[in-house]
Every structure is written in structure tokens, then in C-alpha cells.
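The next block holds one structure in the form of C-alpha cells; read it before the comments.
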Amino acid sequence: MENFPYSTCKKYLLTLCSILVFSGVFSQNMHIEGTVIDTNSNSGIQYVKTILVNLRDSVITAHQTTDKNGQFRFDNIPIDTFRMIVEHPRYETREFYFFGTADNNLFSLDGIILSDRGKKIEEITIFAYKDPVYYKGDTLVYVADSFKTRPNAVVEDLLKRLPGITVESDGSIKNQGKNVSRVYVDGDEFFGSDATLATKNLAASSVETVQVYETTLPDSDVTDEKVQVIDLKLKDEAKKGYFGEASFGTDFSRFYEGKLLANNFNKKQKVSVYFLSGNTTKSSLSWSDANQYGITQGNAYNYNSETDSWEVNDNFMNTDDGFPLVFKSGVYYTDQVTKKLKVGANYSYSDYRKQTEETSRSTFFLPDTTYSNHTNNRTNTHFRHHEVNMNFKYDIDSSQFITFDPKFNYSTRDNNNSLQSDFLNSTGTLTRNASNTNTSESDATNIKTKLGYTKNFKKEKRQLRVLNNFVYDQSNTESGLLYTDYFAQTGLTENGIDQKKNGDKTILSNVFSIAYVEPISKKLKLEFTYELFNSTNIRHSRSYNNQNGVYDNLDSLTSGDFKSIKFQNRLGASLFYDFKKHTFGFGVFGRNVSIDNQNHFLNTTINQNETNLLPKFTYQFRINQNSSLRINSQTTSVLPGIELLQPIQDNSNPNSILTGNQNLRPNYAINTNVNYNTYNPLSGGYFYGGFYSEYGFNQFISTINYDAIGRIESSYQNGNTLNYLGTYGGGAIPLIKQVFTLDPNFGYSYGNRYSFINGERNALTTHNLETGLSLELYTDVIEFSVGGSYTLGQNLNSISPELNLTNHIYGLNSDLRVYLPWKMELATDFNYNNYNNLSEEFNINTFIWNASIEQNLGKNKNWTISAQAHDILNQNTRISRTAVANRVTDSRTAIIARYFMFSLSYKFNSTFKKTTNTDTNEEGQ
């Protein structure tokens with residue numbers, strides 16, 4: 001709120017109204033609400049007249065009197081400029097002015113105070129957003145210039161200063177403790193889906209406001225949970241320009257990191273080219289740049305349950321472990337060709353190589369004995385990937401548009417894996433050694449097209465969506481297997497396998513869906529959905545044994561020809577009711593799935609036909625603008641795949657063989673999530689907490705049988721079980737506003753899994769507790785954080801009390817960065833972990849200490865030279881524990897340890913502005 005003399009405001013209003021008189025917006029409406037209070041009784045004033053006058057023609061648009069709580073509300077007012085008169089016989093009249101736009105149409109005036117009659121008011125109030133933090137509807141808005149940042153700061157530096165928003169050390173962003181899934185610039189992705197291209201390269205001075213809200217992703221079901229989004233609204237002068245960076249680092253021996261980014265953009269067009277390469281797990285291969293490379297945790301292929309397709313995944317490699325070598329280059333282009341047509345295209349080429357070495361100790365607990373398995377696993381992987389993505393959006397008119405998104409991927413992968421396993425009995429004596437080598441070469445082609453149509457009707461919220469998604473997925477693989485068993489007691493080598501294998505896979509699938517939303521009233525709406533899914537999945541596999549140096553002896557046990565034909569019809573209806581602060585959603589989806597699984601090699605067929613109801617429920621209680629409670633509950637059902645019903649026997653690890661069970665039924669699970677969060681936008685304090693659970697009917701439960709030498713043969717059967725439940729919470733307690741913050745967090749989960757071990761039912765119960773507390777200090781000169789954590793893991797197993805194990809991990813970490821007055825930055829951080837109650841050689845302490853010094857050069861600090869020391873004490877390693885069925889495994893993965901890096905980088909950015917001690921700003925480069 002701001003107050004001005006009446007005469008000044010009158011001139012201002014007349015000028016502004018003349019501009020707005022011809023700019024009506026017809027697709028949205030304004031909403032104005034408020035409360036008039038009596039400061040003496042601190043209660044609402046009833047029967048206060050509120051009159052809304054259109055300034056364009058001085059016509060009264062609406063009027064009403066306040067209720068017993070002093071509240072009033074104007075809904076569905078056409079967007080325009082209005083004067084609101086608030087009057088009561090006992091009080092002085094007040095006036096408010098509203099300047100509505102498509103982006104500024106929700107106004108809340110809680111706490112209007114009317115002065116007693118006789119107290120002359122020489123001013124009027126113009127309702128405009130001037131506070132550094134305010135709400136616009138459900139959107140939280142930060143005014144960027146209200147938060148001081150260093151000269152030439154980038155958006156990431158600005159985000160660190162905003163209360164409630166945290167930027168983790170790996171570059172990921174959270175709002176009120178929840179992960180931010182998307183970062184937009186002016187409502188659109190900025191050079192693709194990689195948020196860090198915007199946060200790490202755009203100048204903070206180019207941002208007008210930072211808007212935070214929740215939304216559902218495109219093509220999501222209306223009952224799907226919303227995700228957090230940050231939208232950076234740029235100043236007009238910053239909506240065109242360029243930015244980029246060139247950097248190179250080396251230790252002059254083994255390691256290097258290189259990056260070149262160049263980007264040009266304006267309101268209509270964006271072009272980006274990039275080149276990235278390195279062989280370290282930090283710096284240019286940190287979280288932010290790893291996203292630019294397309295490197296995250298995962299596998300070479302992702303299974304898409306919607307299309308029943310194993311799709312090539314460019315994000316398969318995890319650079320947190322092993323020894324990587326990465327190269328990636330590409331170009332991104334998007335253009336608003338006409339007012340109606342927007343096109344985009346990008347191409348990328350990736351070449352990933354990685355060597356990994358993992359040592360593990362597994363203990364197996366049986367009803368009558370115990371044995372262990374010590375393994376050493378070495379893997380060399382080389383993955384090459386070409387990807388072309390295009391997208392077209394055509395606006396037929398203001399109410400309907402068409403989208404078309406074709407994608408093409410081609411990849412090759414070479415893999416060499418060597419596994420050495422030592423089997424020891426209960427006394428620790430070696431019984432046998434297994435040597436297993438797998439090699440493979442594969443290529444894969446994936447084509448995917450998505451065609452969509454959306455129609456918004458004249459009636460608000462009435463909508464029609466039509467989508468068709470087609471997938472073609474094909475791959476070929478040639479592999480080799482060489483396996484032997486050495487028995488220590490007899491000195492004999494047996495069970496030898498020497499095979500060459502080849503296989504191919506082809507998937508054709510199509511999903512057609514249609515959704516229609518019908519608003520019954522202002523508070524009630526219905527959505528109807530229909531989906532038709534069909535797919536054909538063909539897989540051929542042949543294994544040939546070595547016979548006299550020639551691989552021509554077909555092994556029928558590990559060969560097969562499968563064809564799976566699937567049809568699914570899914571029909572659903574969802575009802576949503578929005579009443580004041582409460583929103584209810586309930587949907588019921590009926591599904592029929594028919595699958596023919598044909599094994600042409602054995603001339604058998606397994607038919608599946610399943611019909612079930614899948615209800616969903618959502619509830620949201622908007623306690624106030626800063627607090628909310630959400631409850632989501634949904635059901636899912638998955639049919640067992642051919643690999644569980646009648647798989648081709650996979651002998652790539654002869655010590656663990658999976659067989660099929662043709663009597664498996666579909667599973668059925670109920671998932672529930674409860675989340676509460678509250679936030680104080682002025683202090684930056686917040687709290688979040690929640691609960692989650694899953695209960696499964698007919699879950700796929702493993703049946704494991706061990707032979708005399710410890711080999712495993714497993715299959716699956718159905719059973720009911722509580723899979724897991726848990727709770728979590730955390731927040732921020734500002735001790736000194738925007739400077740010093742206390743951040744606590746906790747999490748607890750309970751899991752319950754059943755299995756059958758050599759015919760005996762086994763229940764594995766797990767308890768996991770994670771707690772942490774950190775202190776953060778943020779000023780213009782120093783950024784400092786220190787925190788501690790404690791993790792408790794407990795496994796309780798019904799089959800053997802020896803499997804009732806508890807382990808502890810104590811952690812301590814700190815991060816310090818100091819900005820010196822000579823354009824110099826000093827930084828150091830450490831991470832200490834203490835592992836307890838693991839296998840003997842895994843109970844270690846690690847202290848990972850890093851440090852760096854940076855010197856910024858040039859008029860605008862665009863040049864940077866730096867020296868970094870990583871893992872100064874040479875202790876870097878990765879320890880983990882997993883518990884499955886009757887097996888507990890502790891593992892250690894070799895990763896890059898101590899090294900030093902010297903780097904030079906240059907940033908160029910047309911949106912950087914040089915800040916001086918004067919009142920003028922000069923454009924910098």
C-alpha cells in the first residue's frame with residue numbers, strides 16, 4: 001500500500017485510465033475481497049457499503065454490504081480499472097483504486113480500518129503491489145530489486161537471498177522444503193528443461209519478480225499432485241540479449257574439465273550451442289552441469305508404463321561413483337514464427353565412458369545355516385547417444401491450439417563386466433570361487449510422436465483435451481558369457497558356461513486419450529476421461545554354446561521367441577468441489593486389460609484379462625495464504641510382465657536364476673500422502689511435515705531357494721503386505737531475518753516385506769531414522785553453514801535372529817565462502833561420516849575436505865582464475881548397506897579421490913549491469 005495526496009493521484013489516475021480504456025481483457029476476470037475491522041473491538045464491522053465503480057464510464061459495476069464478520073467479496077468482475085468506495089454512517093469514507101491486468105487480477109484487502117467521523121482524511125489509497133514479498137492469488141511474488149545482491153550476481157545468487165527458498169550445494173532448489181521441479185523464464189522453459197542454464201547464467205539485475213506457484217505438468221491427470229514452479233519475470237530491457245561462458249580446468253596430469261556455452265535470445269527466438277567435456281565427478285560435472293550433460297542416476301533404458309516401452313535414457317550414467325569421461329555437444333533453437341505458430345528443435349550428441357569398481361560383503365541367513373559372499377565387480381561402459389527433439393504449437397484461435405512433438409533417439413552401448421565371487425561357510429572358510437565375465441554390444445532406436453489438441457470453451461473452465469502418443473522402440477544386442485566355478489575342497493573347476501548370445505526387441509504402441517472438463521457451477525466441476533492403449537512387444541533371443549571353438553550349439557533353456565499383445569480400455573470420472581478454503585476431488589477409473597503372451601519357442605500362450613476400479617481422492621485445506629494441508633490417496637494395479645510369468649532363463653549370473661510363475665495375479669496397491677506446510681513470507685520461516693504409506697494386495701512376493709553350493713533360484717507369488725509407511729518434517733527458524741537461520745529436519749520410515757526362503761515364510765521389517773540440524777549464515781561478505789546428522793538403520797528378520805542388525809551413521813558437514821574486497825573469493829567445505837555396525841572392513845570414518853580460491857578480474861569480474869583442491873586428505877569413498885529378503889549387503893564403491901585443479905573461465909552476458917557508488921548503471925558485458 002502507498003498513500004498520495006488526492007490532487008496528485010487524480011492526475012495520475014486520469015492519465016493511466018486513458019491508457020487502459022482500450023485494453024480490456026476478456027478471457028479472465030478480477031476478484032476483489034477484503035475485511036473491514038473496528039480497531040477498538042478488533043472485530044469486523046457489519047453493514048459497511050462497498051461500491052465498485054468503473055472509471056471508464058463511472059458506472060457502478062457492483063455493490064454489497066459486509067457480513068457480520070466485516071467481509072465482502074466481488075467475483076467474476078471483468079478486468080478493468082475500478083474505484084471502490086467503502087462507507088458507513090459512523091465512519092469516514094475510504095476509497096481504493098484497482099488496476100486490473102491479465103497478470104494482476106486477484107486482490108485481497110484484509111484489515112481495512114475506517115476512521116471515526118470528524119477525522120478528516122486528506123488522501124486516498126491506491127492498491128498496488130510495492131512490498132518486497134506479497135501474494136497474488138496463490139502465487140508468491142518476490143520483487144527482485146528489494147533484495148540486495150553483489151554486483152554482477154546471477155539468478156542463483158538472488159534465489160539464495162529470498163526467504164523460504166534454498167539453493168542446495170549441488171545447485172538444486174527447494175521452496176518451503178519441497179523440491180522445485182521447473183524453473184521458467186517469462187512463463188516458458190529457457191533453452192530447454194535444464195533450469196540451471198537460467199539460474200547460473202542470467203544476471204540477477206535482469207529479473208523484475210520471482211514468482212513461485214504450484215501447477216500440474218502438461219498431460220497430467222487432474223487428480224495428479226501439483227509440482228513446485230519458479231517463474232522468473234524479466235524486466236523489459238532484459239528480454240533480449242546473450243550470455244555464455246568458456247572455461248577450462250586441468251591438474252596438468254590426469255584430470256580436466258571444459259565448457260563452452262553460447263546463447264542468444266529475444267522475445268521471439270532463442271538459440272543455444274554448447275560443448276561440455278570432463279573426467280571428474282565435481283566442478284563441470286556437478287549437479288548443475290551434469291543436468292546440462294544429461295547425466296543423472298538411472299539406467300541406459302527407462303521403462304514407460306504408459307506406453308509399455310523401454311525407452312533409451314540419455315541420463316543413465318551416475319557420475320557420483322567410478323571414473324567417468326564425458327563429452328556432450330548440441331544446439332537448441334526455438335522461434336515464435338508467427339503469432340499463432342511456435343516451433344522448437346534441439347539436437348545433442350553424447351559420449352559417456354565410465355569405469356567402476358565395487359567391493360561388497362553379503363551375508364545370507366537360512367533357517368539352519370549362514371554363509372557369506374565376498375565380491376569384486378569391475379565394469380567398463382561406453383555409451384553413445386544421438387537425440388533430436390522437435391515441438392510445434394499452433395494456435396488455431398484464442399480458444400484452441402494443436403501441439404505436435406516428434407522425438408528421435410539412436411544409441412549404442414558397449415559393456416564389459418567382470419565379477420569375482422568368493423563363497424564362505426559359517427566358519428569363514430572358502431568353499432568356492434565363481435568367475436563371471438559378461439560382454440555386450442547393443443544399438444537402440446526410439447521414435448516417439450505426440451499429437452495433442454486442446455479446446456477452451458466460452459464457459460470458464462470448460463475444456464476438451466485430445467492426445468495421441470505413438471512409440472516405436474527397437475534394439476539389437478550381441479553378448480558373450482564366460483563362467484566357471486572353482487571348488488576349494490576338491491580343487492576342481494566345474495559348471496563352465498561359454499556362450500554367445502544375440503537378441504532383438506521391437507515394441508509398437510499407441511495411446512489415445514480424451515478428457516473433457518465440465519464446470520457445473522462456480523464451485524463444482526466434472527472431468528471425464530477415456531484412454532485406449534494397444535501395444536505389440538516382440539522379443540527374440542538365441543544362446544549358442546561353444547562347441548570345439550565354434551558357437552553353433554543352440555541352448556534351448558536360455559533362448560526364446562516372445563510376442564505380447566496388449567489392449568487396455570480405461571474410462572474415468574472425477575468430481576471436484578471448491579468451497580472457500582476447501583477443495584475436494586474424487587475420481588473413479590474403470591480399467592479392462594487384455595494381454596496375450598505368446599511363447600513361439602515353446603508353442604505356449606498365457607492369457608491375462610483383468611477388470612478393476614481404481615479410485616483417487618484429493619483434499620486441500622488452504623488454512624490461509626501461507627499455510628495449507630493436502631491429502632492424496634490413490635490406487636494402482638499392475639499386471640505381471642512376461643518376465644515374471646514365463647521368462648527366458650537369464651544365466652548372465654548363474655548364481656541367481658529367475659524362473660516364471662504362470663499363476664501370478666495382478667497386484668493392487670493403495671498409496672496415501674499427507675502434507676502440511678506453513679510459511680511466513682516476511683521472516684522467511686517455514687515448517688513442513690507429512691506422512692506417507694502403501695498397502696498392497698496380491699503383491700509380487702519373491703520365493704527363493706538355495707541349492708547345496710549357495711546358488712539361488714527365485715520366482716514370485718502373490719501376497720498381501722504393508723509395504724511401507726513413514727513421516728517427515730523440517731523447516732527454517734530465522735534467528736536473524738535473512739541472515740542467520742536454524743534448519744532442523746527429520747524422517748522416519750517403516751517397511752515390511754515378506755518372502756519365502758527354502759519354503760519357509762520370512763518377514764523382513766526395516767526401521768530407518770534420519771535427523772539433521774544445520775545453521776546457516778548469509779551476508780554480503782560471508783556465506784557459512786554447519787550441520788550434523790544421524791542415521792539409524794535397523795533390520796528385523798523372522799527367519800533368523802542373527803539378521804536382526806542395527807547400524808548407525810553420524811555425519812558432520814560445513815561450508816564456508818568468504819568474499820574479499822580484492823575481487824577474491826575463498827571457499828572450503830568438509831563432510832565427515834562415521835559408519836558403525838557394518839561389516840568389519842566397512843566400519844570406517846571418512847573426512848572429505850575441499851578448498852578453493854578464486855580471483856575475479858576485469859571491469860565487470862567476467863574473468864576468473866581459480867585453484868581447487870578436492871579431497872585433500874585422500875579419503876573419498878562411498879559406503880552403503882542394503883537388506884533384501886534374508887540377505888544383508890555392505891558395499892564400497894571406488895570413486896575419484898584427491899586431485900587439484902587450476903581453472904580459467906570467462907563469462908559474457910548482455911544483461912549484466914555494472915553497479916557503482918553513483919546513482920547510474922552502465923551496461924556491462
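The values are calculated or read from the model by the stated rules, or taken from the named source; none is laboratory data. As the structure is a computational prediction, the values presented were derived from the model and not from experiment. Backbone-built Cβ (ideal geometry, glycine too); neighbour counts: all protein chains shown.
Could you run through the stretch 837-861 and say how many residues are in contact (Cβ under 8 Å) with a residue 40 or more places away in the chain and assigned to a loop (DSSP other than H, G, I, E, B)?
Residues that pass the stated criteria total 5.
Filter the stretch 734-771 down to residues that are small (G, A, S) and closer than 30 Å to Q717 by Cα and give me whichever is surrounded by the fewest Cβ atoms within 10 Å (Cβ to Cβ).
G759
If I go through the stretch 492-550 residue by residue, how many of them are touching a residue at least 24 places away in the same chain (Cβ under 8 Å), hydroxyl-bearing (S, T, Y) and surrounded by fewer than 18 Cβ atoms within 10 Å (Cβ to Cβ)?
4
Quick check on N762: is it part of a strand (DSSP E or B) and closer than 21 Å to F365 by Cα?
On the way: part of a strand (DSSP E or B): yes; closer than 21 Å to F365 by Cα: yes.
Yes, satisfied.
Answer yes if at least one residue in the stretch 597-605 is under 34 Å from the mean Cα position of the chain (by Cα) and surrounded by fewer than 16 Cβ atoms within 10 Å (Cβ to Cβ), and no otherwise.
First pass over the stretch 597-605, keeping only residues under 34 Å from the mean Cα position of the chain (by Cα): none.
Checked against the condition, which is being under 34 Å from the mean Cα position of the chain (by Cα) and surrounded by fewer than 16 Cβ atoms within 10 Å (Cβ to Cβ), the stretch 597-605 yields no hits at all.
Given the structure, is N876 modelled with pLDDT under 85, buried (at least 17 other Cβ atoms within 10 Å of the Cβ), of a type outside the set (A, V, I, L, M, F, W, C) and under 28 Å from the mean Cα position of the chain (by Cα)?
Against the criterion (modelled with pLDDT under 85, buried (at least 17 other Cβ atoms within 10 Å of the Cβ), of a type outside the set (A, V, I, L, M, F, W, C) and under 28 Å from the mean Cα position of the chain (by Cα)), N876 qualifies.
In the set L430, L424, L419, L451, which member is in contact (Cβ under 8 Å) with a residue 60 or more places away in the chain, in contact with a strand residue (DSSP E or B) (Cβ under 6 Å, 6 or more places away or on another chain) and of a type in the set (A, V, I, L, M)?
After ruling out the rest, the residue left standing is L419.
In the stretch 193-208, which residue that is within 16 Å of V167 (Cα to Cα) and in a helix (DSSP H, G or I) is modelled with the highest pLDDT?
Checking each candidate, the answer is A204.
Identify the residue in the stretch 337-354 that is assigned to a loop (DSSP other than H, G, I, E, B) and of a type outside the set (V, I, T) and, among all such residues, is surrounded by the fewest Cβ atoms within 10 Å (Cβ to Cβ). Talk me through it step by step, then tell me what you get.
Looking only at the stretch 337-354, we keep the residues that are assigned to a loop (DSSP other than H, G, I, E, B), and these are 337-340.
Now restrict to residues that are of a type outside the set (V, I, T): 339-340.
Numbers: K339: 7, K340: 12.
The extreme case among them is K339.
Can you pull out every residue in the stretch 637-649 that is assigned to a strand (DSSP E or B) and either of a type in the set (G, A, S) or under 21 Å from the mean Cα position of the chain (by Cα) (or both)?
S637
When you look at E357, is it touching a residue at least 60 places away in the same chain (Cβ under 8 Å) and closer than 19 Å to T893 by Cβ, yes or no? First the steps, then the outcome.
Numbers: touching a residue at least 60 places away in the same chain (Cβ under 8 Å): yes; closer than 19 Å to T893 by Cβ: yes.
Taking the combined requirement at face value, the residue satisfies it.
Kindly indicate which of I85, I79 is within 46 Å of the chain's Cα centre (by Cα) and at pLDDT 80 or above. Let's see the steps before the verdict.
Numbers: I85 fails: within 46 Å of the chain's Cα centre (by Cα).
That would be I79, the only listed residue that is within 46 Å of the chain's Cα centre (by Cα) and at pLDDT 80 or above.
For the structure I just gave you, tell me whether Y668 is farther than 23 Å from L722 by Cα, in contact (Cβ under 8 Å) with a residue 24 or more places away in the chain and part of a strand (DSSP E or B).
Taking the combined requirement at face value, the residue does not satisfy it.
Using the structure shown, decide if G241 is small (G, A, S) and within 30 Å of G322 (Cβ to Cβ).
no
Take S399 and tell me if it is of a type in the set (G, A, S), exposed (fewer than 15 other Cβ atoms within 10 Å of the Cβ) and in contact with a Phe, Trp or Tyr (Cβ under 8 Å, 6 or more places away or on another chain).
So S399 passes the test.
I'm told Y778 meets every condition in (1) under 30 Å from L857 (Cα atoms); (2) in contact with a Pro (Cβ under 9 Å, 6 or more places away or on another chain) except one. Can you identify the failing condition by its number?
All conditions are met except number (2).
Starting from residues that are hydrophobic (A, V, I, L, M, F, W, C) and under 30 Å from E840 (Cα atoms), keep the ones in the stretch 332-375 and report whichever is farthest from the chain's Cα centre (by Cα).
Within the stretch 332-375, the first condition is being hydrophobic (A, V, I, L, M, F, W, C), and the residues that meet it are 337, 341, 343, 345, 364-366.
Subset that is under 30 Å from E840 (Cα atoms): 364-366.
Numbers: F364: 36, F365: 37, L366: 40 Å.
Filtering first and then ranking leaves L366.
Which of the residues belonging to the stretch 862-888 are assigned to a loop (DSSP other than H, G, I, E, B) and within 30 Å of T721 (Cα to Cα)?
Initially, the stretch 862-888 is screened for residues assigned to a loop (DSSP other than H, G, I, E, B), giving 862, 871-877, 885-886.
Across the stretch 862-888, the qualifying residues are A885, N886.
Could you check the stretch 566-596 and list, in sequence order, the residues that are within 31 Å of the chain's Cα centre (by Cα) and among the aliphatic types (A, V, I, L, M)?
L571, A573, L575, V588, V593
Among the residues of the stretch 90-110, how many are touching a strand residue (DSSP E or B) at 6+ places or on another chain (Cβ under 6 Å) and assigned to a strand (DSSP E or B)?
12
So which residues in the stretch 41-58 are of a type in the set (K, R) and modelled with pLDDT under 85, if there are any at all?
Within the stretch 41-58, just R56 meets the criteria.
Limited to the stretch 436-474, what total is found for residues that are hydroxyl-bearing (S, T, Y) and exposed (fewer than 15 other Cβ atoms within 10 Å of the Cβ)?
0
Kindly check whether there is at least one residue in the stretch 671-680 that is closer than 30 Å to N425 by Cα and either within 23 Å of the chain's Cα centre (by Cα) or assigned to a strand (DSSP E or B) (or both). Even if it seems obvious, please write down each step before you answer.
The first filter runs over the stretch 671-680 and keeps only residues closer than 30 Å to N425 by Cα, leaving none.
No, because not a single residue in the stretch 671-680 is closer than 30 Å to N425 by Cα and either within 23 Å of the chain's Cα centre (by Cα) or assigned to a strand (DSSP E or B) (or both).
Name the residues in the stretch 702-756 that are more than 27 Å from D485 (Cα to Cα), touching a residue at least 24 places away in the same chain (Cβ under 8 Å), aliphatic (A, V, I, L, M) and assigned to a strand (DSSP E or B), would you?
Matches in the stretch 702-756: L722, L725, A732, I733, L742.
Assess whether A732 counts as being under 30 Å from T429 (Cβ atoms) and either modelled with pLDDT under 85 or not acidic (D, E) (or both).
Here the answer is no, as A732 does not meet what is asked.
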